[in-house]
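Visitor: Here's a structure for you.
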Amino acid sequence: MARGDRNQSRYAKPAVKQTLEAPEACTPAFLEFLWKAAVARDPIKTPYDAFNDASLSGEATAEALAMLYEKTGDEAFRTALLALRAYELDKGGLKENLRRAMRGAADARPAVWLLMPHMASWRSRVAHDSQAARLTAAQHGVRGQSFDAVVNELRKAYALWNASVRDNKPTTGFPSGDTGRKLKVRMARPWLGTDNLPLKEIRGVTFDADGSALAPDDFWWRRMIHDGHFCLVASSRLVKV
């Protein structure tokens, strides 16, 4: 009997060397080992991960900006206050609310949401979402409390991402930061379309003959003005401080 057992062990197939080239055969333990190495080697870093534990009061920040505007009359403080309110950061914990806004409607960290196309690629090669999530975590340095926690985050986010792609209805991203004001802008230089002719409409805003228009005071237009693509002519006072 003992000799038979020895013979069976002797002729057993050797363990297959695990590799990401054979993703379905990778065990959770092997993938967790790769994940730890990826996090130590080259972790994914986003502004979301830069927060420390110290909190700030949204109310106190809004009050300080209002006071600074009242005392100095500097429109920069007023604009900062309006932007704070536009992002709904003027109540409660400032950092906590910003984290929530950055997680978006999918309630997923930016580093996790960023990897959804990569997870979809793995999912096309394996049978289950969980294995695709393990492979994605193993390949990319997504930091988290544990391997299982990161895998669970990826799996939940993928279900929402996949549904949004299937239904052609993207989940809501970061807030637009629209203050409710209007900005009178002028093109710094003509924007050309695919036909090489100047555009008359950009993001739903119609421009007149001299390249001027009234645009919403939101993140995109403020960024374009700051980067020099448009000149700010004036801003309308449609919102009270």
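Readers should treat all values here as calculations from the given coordinates under stated rules, not as data from a laboratory. It should be emphasised that the depicted structure is a prediction, and the values quoted were computed from it without experimental measurement. A quick note on method: Cβ atoms are made from the backbone with ideal geometry, for glycine too, and the neighbour counts reach across all protein chains shown.
Visitor: Just how far, in whole angstrom, is the stretch 199-215 from the stretch 149-198 if you go by their alpha carbon centroids?
Guide: Taking the Cα centre of each part, the stretch 149-198 and the stretch 199-215 sit 20 Å apart.
Visitor: Rg to Rh ratio, the stretch 182-235, alpha-carbon atoms and Kirkwood radius?
Guide: My calculation of the ratio gives 0.94.
Visitor: Shifting gears a bit: Of the options SER146, PRO110, LEU68, report the single residue whose Cα projects farthest towards the positive end of the charge dipole of the chain (beta-carbon charges: Lys, Arg +1; Asp, Glu -1).
Guide: SER146
Visitor: Quote the charge dipole size of the chain about the Cα centre in Debye, to the nearest 20; the model charges only the Cβ of Lys and Arg (+1) and of Asp and Glu (-1).
Guide: The dipole of the chain has a size of about 800 debye.
Visitor: Scan the chain and note any complete DSSP helix (H) whose C-alpha atoms cover at least 27 Å along its axis and whose Kyte-Doolittle average is -1.0 or more.
Guide: Answer set is 147-166.
Visitor: So what's the chain giving for Rg/Rh, alpha carbon basis, Kirkwood Rh from the mean inverse pair distance?
Guide: Across the chain, the Cα-based Rg/Rh ratio is 1.17.
Visitor: Let me ask something else. Too long at a 30 Å Cα-Cα cut-off: which of LYS45/LYS71; LYS45/LYS156; LYS71/LYS91; LYS45/LYS169; LYS45/LYS200?
Guide: Distance filter (> 30 Å) returns LYS45/LYS71; LYS45/LYS200.
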